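These notes concern the structure reproduced below.
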Amino acid sequence: MAMAMRRAAALGARHILAASGSASSRVASRRHMGSVDAGAAMEKIRAAGLLRTRGLIGGKWVDAYDGKTIEVQNPATGEVLANVACMGNRETADAIASAHTTFYTWSKLTASERSKALRKWHDLLMSHKEELALLMTLEQGKPMKEALGEVNYGASFIEFFAEEAKRVYGDIIPPTLADRRLLVLKQPIGVVGAITPWNFPLAMITRKVGPALACGCTVVVKPSEFTPLTALAAADLALQAGIPAGVLNVVMGNAPEIGDELMQSTQVRKITFTGSTAVGKKLMAGSANTVKKVSLELGGNAPCIVFDDADIDVAVKGSLAAKFRNSGQTCVCANRILVQEGIYEKFASAFVKAVQSLQVGNGLEESTSQGPLINEAAVQKVEKFVGDATSKGANVMLGGKRHSLGMTFYEPTVVGNVSNDMLLFREEVFGPVAPLIPFKTEEEAIHLANDTNAGLAAYMFTKSIARSWRVSEALEYGLVGVNEGLISTEVAPFGGVKQSGLGREGSKYGMDDFLEIKYVCMGNLG
């Protein structure tokens, strides 16, 4: 199914290009040039031993039991990078069994021993930083600068949780009777099923696996079928770091079968997921029968509020970073830019000028700051949202159509005078489209910002300290950035409220979701 969708997406993009002979020849030339760079990149990855195409179960690299494979394509060119094992319920069951068996030895290691293994994994991730970034750019499309940044970000979780492994503290409660001692222990929850998305193929794995392993849990990772190569390379480095066989397992392919097996298994005690709200709800419901612990980081609809008293330059720079990172394909992207009427025209002019400077292209090219969207369906969604907005009175100030490069490239776009009855306001576009929405008062801005079921990230720009406190506290979001567009860090809790999820990842709070609290009452000690 997934392979068919990928082929259809590629064919759809090629069909559009074929409408113009000149456009077709331009793309053919570009793809020929790009293929040399991609080929050299793949050779570097192979030379490092990091191109894995089989799943990882119990420390062994295995093919799908029925021999099926799935194509992994480069979204910038449509070229096939590799064919990886397309696994399902049987492989997942074996991965769970391996993780379950290994849990009883891994969890018994001292925190210091687990910490040392995680630290070695971090060091190997960093020593293979360039190869991992190349792999990420090839299969996901993001520019190399962003891919290198993600390796740093992803590895930082392993380093941080290597340190936190030694800080899982229990408690002693003053007893109500003199001959008793009341103890609180924190113990690993057990086998964890981690389901991760394609937009951050390394960091969304390390942000889950890091704390799980630090606590003493074992993990079965299901990466996106669009970006499994980065996950497999990271898992290979974990083995090289001395993390025992069976502690970290990777299965990919048939998402419904893998998900069902993880949810139905009584040996899996926790599901951690990053992805769409719709899928998160299904996982939550499916986990009810076995009463699993669930942590969910779901979709967002982030407002970015620019007040009259904001520094225009700071606001433009911050909004640009919050909106266009990864071509708008992040759950914390500024999905709605609310601008106070007093500076609306001035901000819009400066913002459009800044967006015009963004360079669209293959992520392997040094000048590129905007790569392709992940597939044809993503482009069609963007087109639908922009079309809906213009049909209801919004005006396209910049972009608004597919890029001349073809494939799944879309022009960085700014849409003015967006209102709350448009899809661009109500739903997450997940693409390089910045909707500008005018507002009059602080109260109106807060109302517009909170007028959504999502509650992941929000941003604001103001010089007023008092306003920054008032609005931060009034916004119904798990993350708030004040005069800053890039706010994610391994040392701070990441997660949403309302229908953007449950639980927190990163920081010391990120350990809690992988631990059970046990109370021990010791009597007759008088």
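Per-residue accessible area for ARG181 at 1.4 Å probe radius, Å² rounded to 10?
It works out to around 100 Å².
Per residue, how big is the convex hull of the range 435-526 when only Cα atoms are used? Give it in Å³.
Cα convex hull per residue, to the nearest whole number: 173 Å³.
Can you tell me how the range 406-477 classifies by the Cα gyration tensor, rounded, prolate or oblate, using a/c under 1.5 as the rounded cut?
prolate
Find the eigenvalues of the gyration tensor of the Cα atoms of the range 302-477, then list the square roots of 5 times those eigenvalues as equivalent ellipsoid semi-axes, largest first, in whole angstrom.
26, 17, 15
Which entries in LYS68/LYS292; LYS68/LYS222; LYS401/LYS440 show an alpha-carbon gap greater than 22 Å?
Table pairs above 22 Å Cα-Cα are LYS68/LYS292; LYS401/LYS440.
If you put +1 on each Lys and Arg Cβ and -1 on each Asp and Glu Cβ, how big is the dipole of the chain around its Cα centre, in Debye rounded to 20?
800
Given the options VAL491, PHE347, SER127, identify the residue whose Cα lies farthest towards the positive end of the charge dipole of the chain (+1 on Cβ of Lys, Arg; -1 on Cβ of Asp, Glu).
Most positive-ward Cα: SER127.
Hey, if you put +1 on the Cβ of every Lys and Arg and -1 on every Asp and Glu Cβ in the chain, which of PRO412, CYS304, ALA117 ends up farthest toward the positive end of that dipole?
The listed residue farthest towards the positive side: ALA117.
Give me the net charge of TYR477's neighbourhood, meaning all other residues with Cβ under 15 Å from the Cβ of TYR477; Lys, Arg count +1, Asp, Glu -1.
So the environment of TYR477 carries a net charge of -2.
Would you mind computing, in nm to one decimal, how far apart the modelled labels at LYS384 and LYS145 are, each placed 7 Å from Cα along Cα→Cβ?
3.3
Let's see if you can work this out: charge +1 on each Lys and Arg Cβ, -1 on each Asp and Glu Cβ, no other charges. What is the dipole magnitude of the range 90-131 about its Cα centre, in debye to the nearest 20?
The dipole magnitude comes to about 260 debye.
Round to a whole angstrom and tell me the spacing of the C-alpha centers of the range 183-240 and the range 99-148.
Centre-to-centre (Cα) distance: 9 Å.
Once you order the gyration tensor axes a ≥ b ≥ c over the Cα atoms, which shape class does the range 220-318 get: rounded for a/c under 1.5, otherwise prolate or oblate by comparing a/b with b/c?
Since a/c reaches 1.5 but b/c is at least a/b, the shape of the range 220-318 is classed as oblate.
Given the Cα atoms of the range 174-254, and with Rh set as the inverse mean 1/r over their pairs in the Kirkwood sense, what is Rg to Rh to two decimals?
1.22
Which chymotrypsin sites (Phe, Trp or Tyr not before Pro) in the range 104-178 sit in a loop by DSSP (not H, G, I, E or B) and have at most 11 other Cβ atoms within 10 Å of their own Cβ?
Those satisfying the criteria are TYR169.
Taking amide H positions as placed in the peptide plane 1.01 Å from N, state which residues far from ALA434 in sequence (5 or more) or on other chains have amide H under 5 Å from it.
Sorted by chain and number, the residues that satisfy this are THR413, VAL414, VAL415.
Can you tell me the mean projection area, over all orientations, of the convex hull of the chain's alpha carbons? Units nm², please.
25.9
Determine, from the Cβ-Cβ distance of LYS282 and ASP451 and an R0 of 30 Å, the FRET efficiency 1/(1 + (r/R0)^6), rounded to the nearest 0.05.
0.70
Given axes a ≥ b ≥ c from the Cα gyration tensor, I'd like to know whether the range 143-292 is rounded (a/c under 1.5), prolate (a/b larger than b/c) or oblate.
The shape class here is oblate.
Order 447-455, 277-285 from most to least packed using the mean count of other Cβ atoms within 10 Å.
Descending mean neighbour count gives 447-455, 277-285.
Measure out, as a whole number of angstrom, how far apart the alpha-carbon centroids of the range 298-350 and the range 427-484 sit.
Taking the Cα centre of the range 427-484 as reference, the centre of the range 298-350 is 9 Å away.
The values are calculated or read from the model by the stated rules, or taken from the named source; none is laboratory data. On a predicted model such as this, the values are computed, not experimentally measured, just so you know. When we count neighbours, we look across all protein chains shown, and the Cβ atoms used for this are built from the backbone with ideal geometry, even at glycine. Note: areas computed on protein heavy atoms with side chains; ligands, DNA, RNA excluded. Shrake-Rupley method; radii C 1.70, N 1.55, O 1.52, S 1.80 Å.
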